[in-house]
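Read the structure below first, then the notes.
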Amino acid sequence: MNSIAPHATLTGSGVDGVDIPIVGIGTWPLTGSECTASVTQALALGYRHVDTAENYGNEDAVGLAVRESGLAREDVFVTTKFNKDSHGDAATVRQSAERALKRMGLDYLDLFLVHWPNPAQDLYVQTCESLVGLVETGLVRAWGVSNFKPVHLQRVLDAGMVPPVNQVQVDPEHAQHDVEQFNAASGVATAAYSPLARGSEVLNRAELVDPAARVGRTPAQVALRWHLQQGRIVVPRSANEERQRQNLDLFDFALTEEEMARIDALDTGEGPRLDSDEFGH
Ligand SMILES: NC(=O)c1ccc[n+]([C@@H]2O[C@H](COP(=O)([O-])OP(=O)(O)OC[C@H]3O[C@@H](n4cnc5c(N)ncnc54)[C@H](OP(=O)(O)O)[C@@H]3O)[C@@H](O)[C@H]2O)c1
């Protein structure tokens with residue numbers, strides 16, 4: 001039987017309890033028919049949460065898969081993210097959402113994220129205010145941020161807003177404890193992107209291979225289970241049917257405290273690949 005992921009509940013400014021499946025399918029860098037095929041397959045396997053972005057150039061392909069899935073729109077959670085040229089006042093952010101919806105052929109978004117803070121532009125606080133207002137229009141059910149460091153989040157909090165979610169890069173070697181702890185202390189859910197470290201060598205480490213052997217799963221499943229047991233939402237990406245299936249099949253085994261601690265010890269303390277004070281689009 002195919003798995004269906006349980007939900008977490010997002011709350012924050014303007015958002016009073018929106019359920020989000022805790023495992024979504026990542027779509028970067030797939031585009032066109034390859035992306036549509038991947039999302040179509042994922043939805044057939046039981047995924048009910050899709051992660052896309054304006055910058056991936058695949059919102060059209062994702063929208064097509066969602067529309068033609070045969071699933072009711074309300075049964076699929078769609079996240080997209082917008083670029084810095086749409087940061088700013090309410091009209092600017094609203095137009096960005098409308099353009100995304102047009103590309104996707106959908107009527108509303110479940111989650112709309114500021115993709116990068118772009119501090120040099122210094123419009124992200126106003127952009128968050130615009131997003132709170134956008135929820136009231138019904139075009140988006142929830143909003144959030146991505147790649148925000150505590151220093152960026154603090155400015156949003158100081159302006160009186162709590163983003164429901166912060167999507168950041170987390171894997172066993174890049175745990176970003178400071179970011180996650182700040183999110184948690186602020187009431188912001190953490191979503192992990194690149195949760196499998198992009199399929200890197202870390203998946204061959206004994207800290208993941210040993211528990212995988214014990215529970216009869218793969219190291220990737222162990223990595224994803226480690227995220228879930230620490231309360232993160234994850235959006236792993238694969239277009240491969242077997243790996244998509246594995247990445248959703250996470251709910252009938254558990255890691256012991258000792259196994260969790262061994263994986264935690266893989267953290268290098270290094271920051272993410274890209275520094276969001278320097279990089280952004
Ligand atoms: N907010 C942001 O700024 C941001 C940035 C980057 C990514 N994202 C989102 O996060 C999603 C996931 O991140 P990502 O694509 O960077 O990396 P990822 O999900 O950590 O890793 C993807 C890689 O892992 C491999 N893989 C997947 N499942 C596997 C399994 N069960 N066993 C072994 N290998 C497996 C895939 O290979 P195969 O494809 O061959 O299976 C692929 O090479 C993206 O697709 C995107 O939606 C967001």
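Filtered by the rule that a residue be within 11 Å of the ligand (Cβ to nearest atom) and more than 15 Å from the chain's Cα centre (by Cα), segment 1-33 gives a lone residue, LEU30.
When ALA191 is tested against (1) surrounded by 20 or more Cβ atoms within 10 Å (Cβ to Cβ); (2) touching a helix residue (DSSP H, G or I) at 6+ places or on another chain (Cβ under 7 Å), exactly one condition is not met: (2). Among the residues of segment 19-55, those that are within 15 Å of PHE112 (Cα to Cα) and either open to solvent by 40 Å² or more (accessible area, probe 1.4 Å) or of a type in the set (S, T, N, Q) (or both) comprise ASP19, THR52, GLU54, ASN55. Restricting attention to segment 233-259, the residues that are closer than 17 Å to ILE20 by Cα, more than 10 Å from the ligand (Cβ to nearest atom) and in a loop (DSSP other than H, G, I, E, B) total 2. Taken as a whole, segment 122-142 holds no residue that is within 14 Å of the ligand (Cβ to nearest atom) and within 14 Å of the chain's Cα centre (by Cα).
Residues in segment 54-85 that are more than 20 Å from ILE22 (Cα to Cα) and without any contact (Cβ under 8 Å) to a residue 24 or more places away in the chain: GLY70, ASP85. Against the conditions (1) under 18 Å from VAL50 (Cβ atoms); (2) crowded, with 19+ Cβ neighbours inside 10 Å, PRO219 satisfies every one except (1). Return yes when ASP110 is over 15 Å from VAL165 (Cβ atoms) and among the acidic types (Asp, Glu) and no when it is not. So ASP110 fails the test. When you check LEU64 against the structure, is it under 23 Å from PHE251 (Cβ atoms) and either modelled with pLDDT of 95 or more or in contact with a Lys or Arg (Cβ under 8 Å, 6 or more places away or on another chain) (or both), yes or no? When the stated conditions are applied, LEU64 does not pass them. Tallying residues that are small (Gly, Ala, Ser) and exposed (fewer than 14 other Cβ atoms within 10 Å of the Cβ) within segment 65-104 yields 3. If only residues of segment 222-254 that are among the charged types (D, E, K, R) and closer than 16 Å to PRO6 by Cα are counted, the one that is least open to solvent (accessible area, probe 1.4 Å) is ARG232. Quick check: anything in segment 166-173 touching a His at 6+ places or on another chain (Cβ under 6 Å) and either more than 30 Å from ALA61 (Cα to Cα) or open to solvent by less than 30 Å² (accessible area, probe 1.4 Å) (or both)? No: segment 166-173 contains no residue that is touching a His at 6+ places or on another chain (Cβ under 6 Å) and either more than 30 Å from ALA61 (Cα to Cα) or open to solvent by less than 30 Å² (accessible area, probe 1.4 Å) (or both).
A quick yes/no check of all residues on (1) out of contact with any Lys or Arg (no Cβ under 7 Å at 6 or more places or on another chain); (2) more than 30 Å from ALA91 (Cβ to Cβ); (3) without any contact (Cβ under 8 Å) to a residue 12 or more places away in the chain:
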| site | (1), (2), (3) |
| --- | --- |
| VAL156 | yes, no, no |
| ALA159 | yes, no, no |
| VAL165 | yes, no, no |
| GLN169 | no, yes, no |
| GLY187 | yes, no, no |
| LEU203 | yes, yes, no |
| VAL215 | yes, yes, no |
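What is the number of the single condition among (1) open to solvent by 10 Å² or more (accessible area, probe 1.4 Å); (2) among the small types (Gly, Ala, Ser); (3) assigned to a helix (DSSP H, G or I) that ALA120 does not meet? Of the numbered conditions (1) open to solvent by 10 Å² or more (accessible area, probe 1.4 Å); (2) among the small types (Gly, Ala, Ser); (3) assigned to a helix (DSSP H, G or I), the odd one out for ALA120 is (3). Looking only at segment 123-135, filter to residues that are aliphatic (A, V, I, L, M) and open to solvent by 10 Å² or more (accessible area, probe 1.4 Å); which one of those is farthest from LEU157 (Cα to Cα)? If we take residues in segment 123-135 being aliphatic (A, V, I, L, M) and open to solvent by 10 Å² or more (accessible area, probe 1.4 Å), then VAL135 is farthest from LEU157 (Cα to Cα). Among residues belonging to segment 105-114 that are of a type outside the set (Val, Ile, Thr) and open to solvent by less than 10 Å² (accessible area, probe 1.4 Å), point out the one that is nearest to ARG273 (Cα to Cα). The qualifying residue nearest to ARG273 (Cα to Cα) is LEU113. For segment 201-211, the criterion of being in contact with a strand residue (DSSP E or B) (Cβ under 7 Å, 6 or more places away or on another chain), open to solvent by less than 70 Å² (accessible area, probe 1.4 Å) and not charged (D, E, K, R) is satisfied by at least one residue.
The values are calculated or read from the model by the stated rules, or taken from the named source; none is laboratory data. Because the structure is a prediction, the values reported are computed rather than measured. Virtual Cβ from ideal backbone geometry, glycine too; neighbours counted across all protein chains shown. Please note that ligands, DNA and RNA were not included when accessible areas were found on the heavy atoms of the full protein model with its side chains. Shrake-Rupley method; radii C 1.70, N 1.55, O 1.52, S 1.80 Å.
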